[in-house]
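Since the structure comes first, as structure tokens, the remarks are kept for the end.
Every number in this text was worked out from the coordinates using simple rules, so none of it is lab data. What you see is a predicted model, and the numbers here were worked out from it, not measured in a lab. Positions of Cβ are backbone-derived with ideal geometry, glycine not excepted, and every protein chain shown enters the neighbour counts.
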Amino acid sequence: MSSDGIRKREEKSGNSALVKRADLLLFFAVIIVGAVIFLVYRLSLSQGKIVRVSVDGEVLCELPLEEDVTREFGTPYGTNTIVIKDGEASVKEADCPDKICVKHKAVSMFGETIICLPHKLVVEVAE
Amino acid sequence: MKKSSRAAYVGVFAALAIVLSYLESLIPVFVAVPGVKLGLTNAVIVVILYKIGAREAFLVNIVRIAVTGLLFGNPVMFIYSLCGGMVSYAVMFALKKSKLFSVAGVSVAGAVSHNLAQVSLACFLLENGSIAYYMAVLLITGAVSGFMIGLLSVYLIKNVHFK
């Protein structure tokens, strides 16, 4: 019954198309805008020199990417352990609920960031 | 629809939305960008918006954000959730009124505006401008998940009947 029943109901409501053309246009427009932003971002990348760690918009310290170092940052929100190795910075450990910062790939290009929203922590590669 | 059944539906759907919010937080996301998620809760909001009414959808949204914020979140996540929820509600409400799009388009706009609101808030709170990467990822994932959730909502709107 079901497909028949659905068809009848659709006919009754006078709208047999599940998706309007405008819906698809909106969908593809958003995808294209996203892709363009991503491409522009990728093309503008260049190797960074330092890593700037800030919490709540306040810069805590700047670490050179050349030196391998492991540093723990304790803030009122929680702790994140930042590791610099082979010219790349990553968050190795954190006690935040979502662990998104830990899963984030290592960063080394100018402008790349790792953001830990629960701890308001931003790791940003700068020149 | 009677006033009392409207109130009952708000309660039932708020509970459903809260459970879905929690379920969603258990699903691992493989993209390391905050804010990427399925958006199952939005299907609830969309269905109510179309089947019951705008006021009820708003109430369910507010209750859902307040309760999940208290139960599973911290104050920071609560602010993000509130900002995303309110902006996406406003956008979906306006687009539904405009009749330019059907359910799928409204859902896409809701998901994308939710993500854009949260990225903008992050930009403002973290005072950090270099988040083009997050913006791009959230636009694309928002459009895809919004579209899927939109199709799910169309199916629900057509097949779930309210008394």
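Angle of helix A:21-43 to the longest C-alpha principal axis of chain A, folded into 0 to 90 degrees and rounded to 10: 20°.
Please compute the Kirkwood hydrodynamic radius of the protein assembly as shown from all pairs of different C-alpha atoms, in Å with one decimal. Final number for the Kirkwood radius of the protein assembly as shown is 20.5 Å. Under 5 Å from the amide H of residue A:49 lie the amide H atoms of A:126, A:127, each residue being 5 or more positions distant or on a separate chain, with H modelled from the backbone and absent for Pro and chain starts. Loop-resident trypsin sites (Lys or Arg not before Pro) (DSSP state other than H, G, I, E or B) in the range B:1-53 with no more than 12 further Cβ atoms inside 10 Å of their Cβ: B:2.
What are the DSSP H helices in chain B that stretch 30 Å or more along their long axis, judged by alpha-carbon atoms, and whose average Kyte-Doolittle hydropathy comes to at least 1.0?
Details: long enough: B:3-26 (35 Å, 1.08); B:75-98 (34 Å, 1.12); B:103-125 (33 Å, 1.45); B:132-159 (40 Å, 1.51).
Qualifying helices, which must be both long enough and hydrophobic enough, are B:3-26, B:75-98, B:103-125, B:132-159.
So what is the relative contact order for chain A, in percent, with contacts set as C-alpha pairs under 8 Å and at least six apart?
Working: 194 pairs, mean separation 27.0, N = 127.
With pairs under 8 Å counted, the relative contact order is 21 percent.
Dipole orientation for the range A:57-117: of the candidates A:74, A:111, A:94, A:94 has the Cα lying most toward the positive pole (charges on Cβ; Lys, Arg +1; Asp, Glu -1).
For B:27, A:114, B:18, A:50, which order do you get if you count the other beta carbons within 10 Å of each Cβ and list the fewest first?
Numbers: B:27 9, A:114 25, B:18 21, A:50 17.
Ordered by Cβ neighbours within 10 Å, fewest first: B:27, A:50, B:18, A:114.
Give me the tail of P(r) for chain A as a percent: Cα-Cα pairs with distance above 26 Å. Could you put the intermediate results ahead of the total?
Values: 3569 of 8001 pairs.
Tail fraction, whole percent: 45.
With helices as the sole contributors, chain B gives -27500 deg cm²/dmol at 222 nm; each DSSP H run of n ≥ 4 counts as -39500 (n - 2.57), and the sum is divided by every residue. Among B:98, B:107, B:21, which one shows the biggest mean-square fluctuation in a GNM of chain B, springs joining Cα atoms closer than 10 Å? Ranking B:98, B:107, B:21 by mean-square fluctuation puts B:98 first.
In order along the range A:108-115, the phi-based Karplus estimate (6.51 cos²θ - 1.76 cosθ + 1.60, θ = phi - 60°) of 3J(HN,Hα) comes to 8, 8, 3, x, 5, 9, 10, 10 Hz; Gly and Pro are listed as x. Across the range B:3-159, the fraction of Cα-Cα pairs farther apart than 27 Å, rounded to a whole number, is 18%. Only helices enter the 222 nm calculation for chain A: every DSSP H run of n ≥ 4 contributes -39,500 (n - 2.57), and dividing by all residues gives -9500 deg cm²/dmol, rounded to 500.
Ignoring aspartates and glutamates fewer than eight residues from residue B:158 along the same chain, the ones with Cα atoms less than 17 angstrom from its Cα are A:4, A:10, A:11.
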